[in-house]
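Read through the structure below, which is laid out as structure tokens, and then see the notes.
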Amino acid sequence: MAYYHRLGQIPRKRHTQFRQPDGTLYAEQLVGTLGFHGVSSLLYHQHPPTDIRQVGTPEPYSPKLLKDRPLQPSHLRTLAQTTTGGDYLAARQTMFGNADVTLSICNPTEQRMDYYYKNALADEVIFVHEGRGELWSQMGKVVFEPGDYVVIPRTVIHQLHFEDGPVRLLIIESFSPVETCRRYRNHFGQLLEHSPYCERDIRPPSELITDDVRESGEYLLKIKKEGQLHHLTYAHSPFDVVGWDGYFYPYATSIHDFEPITGRLHQPPPVHQHFEANNFVICSFVPRLFDYHPLSIPAPYNHSNVDSDEVLYYVAGNFMSRKGVDLASFTWHPSGIPHGPHPGTVEASLGKKETHELAVMVDTFRPLYLTETALQYLDARYPMSWQPGFVPDPPKSADMMD
């Protein structure tokens, strides 16, 4: 994260004696990234975070990537899939992946997790398409609502608690740290004046959850690592932290707080960038004014993705350059072939003053692969949808109708 935060009780100096009311020492724990060179936080536990009581049998937990499919644009329709499983882990269905990132949908039916979860290898960015609730972690509570990105750094132990109602999530799993964009920061890490968002738009944990359980018990922690879920039972709750400070913590920020960058002529995709990681970026398309040159063409120009695969997840509104695309759809345009607006959409865009679209885009700089699970959502007609006179299947949501 870009700035320092603290909650609860901490000693004045690091790595010094910090005693509980009964005279015993609090257990200090450093969590962070990139060895001892990345951002980190210091946590103070009532009990040692190392007291394992049982090691269970790992269960397979990884998608099957399809690396032999033809090179073509693809469209996945997921709107009709209102539920994808029970709890937050069981409901994940991975659509795309490579060595840097995976993209999954997750529409759980269960509101609470009765265990704790940690991703040991990847940061997770949850885009909340539908649903409200709270992220509970060792660092405290983060409230989320539709339109929020919830960023959970690797190794942070957490639970998700959803309110009543449908839940629809896009989960982006990054095998490198997810950061704010370097070109928006100064060398101190502060977001600059031209950044489309600032620290005021970032919501760190606001309230500690301290399970003050003095007797030992059984607390199941599921740890995701190397394609498996490992089951470890600990003697005490991981939510026994009385205080922490540092730069490493989960947080939420809203797509609705992203301020668009516009110009007289059509702006390229990098102006929509929200986050960066190694070999991919996450972008936010938000309501904005169109280009204001008198001869401008609001629709995007054809372009070749020479160095990146482009995935767009459609959240709300109507994308003028696409026909037949629904909410909760993915379009995937791989590197190696050009793509651009559907026939008729360029002329139709002339004279338009604004758009009210919402979408999340992930551009990867190594090839993506569809998963076996994604095939059930595949629109077989999409690769030929640039033919003159092509009539796509109509979208199911009125929000995406012309």
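None of the figures in this text is laboratory data; all of them are computed from the coordinates on show. Treat the numbers as computed from the prediction; the structure is a model and nothing was measured. Note that we place each Cβ from the backbone using ideal geometry, even for glycine, and neighbour counts take in every protein chain shown.
Things to note:
- Cα Rg over Rh - region 209-299, Kirkwood: 1.25
- Across region 250-402, C-alpha contacts under 8 Å between residues 6 or more apart give a mean separation that, scaled by the residue count, equals a relative contact order of 27 percent.
- Scattering profile of region 47-196 at q = 0.10 Å⁻¹ [log10 I(q)/I(0), Debye over alpha-carbon scatterers]: -0.44
- In terms of its C-alpha gyration tensor, region 5-56 has an oblate overall shape, because the principal axis ratio a/c (a ≥ b ≥ c, square roots of the eigenvalues) is not below 1.5 and a/b does not outweigh b/c.
- Using θ = phi - 60° and Karplus 6.51 cos²θ - 1.76 cosθ + 1.60, couplings along region 188-196 (whole Hz; Gly, Pro as x): 8, x, 6, 6, 7, 5, 8, 5, x
- Per-residue ³J(HN,Hα) for region 372-382, Karplus 6.51 cos²θ - 1.76 cosθ + 1.60, θ = phi - 60°, Hz, x for Gly and Pro: 4, 4, 5, 4, 5, 9, 6, 8, 5, 8, 4
- Kirkwood Rh in Å, taken over region 246-391 so that all alpha-carbon pairs contribute: 16.7 Å
- Here the extension length gained between HIS266 and TRP386 equals 41.1 nm, from 0.36 nm per residue of separation less the Cα-Cα distance.
- Fraction of antiparallel bridges per DSSP, region 275-373 only, in percent to nearest 5: 100 percent
- Placing unit charges on the Cβ atoms only, positive for Lys and Arg and negative for Asp and Glu, gives region 213-294 a dipole magnitude near 220 debye about its Cα centre.
- Cross-linked pairs LYS13/LYS222; LYS64/LYS224; LYS118/LYS141: Cα-Cα separations exceed 24 Å for LYS13/LYS222.
- Share antiparallel - DSSP beta bridges, region 3-111, percent rounded to 5: 90 percent
- The packing ranking of peptides 353-365, 334-346, 375-387, 274-286, highest mean first, is 274-286, 353-365, 334-346, 375-387, where packing means the average number of other beta carbon atoms within 10 angstrom of each residue.
- Only helices enter the 222 nm calculation for the chain: every DSSP H run of n ≥ 4 contributes -39,500 (n - 2.57), and dividing by all residues gives 0 deg cm²/dmol, rounded to 500.
- Cross-link partners of LYS353 among aspartates and glutamates (Cα-Cα below 14 Å; sequence separation of 8 or more within a chain): ASP291
- Cα gyration tensor shape of region 157-261, rounded if a/c is under 1.5, else prolate or oblate by comparing a/b with b/c: prolate
- Derived scalar couplings between HN and Hα for region 253-264 equal 8, 9, 4, 6, 9, 7, 8, x, 9, 10, x, 5 Hz in order, rounded to whole Hz, by the Karplus curve 6.51 cos²θ - 1.76 cosθ + 1.60 (θ = phi - 60°), x for Gly and Pro.
- Gyration tensor (alpha-carbon) shape descriptor, region 1-110, a/c threshold 1.5: prolate
- The convex hull of the Cα atoms of the chain, projected and averaged over all directions, covers 20.7 nm².
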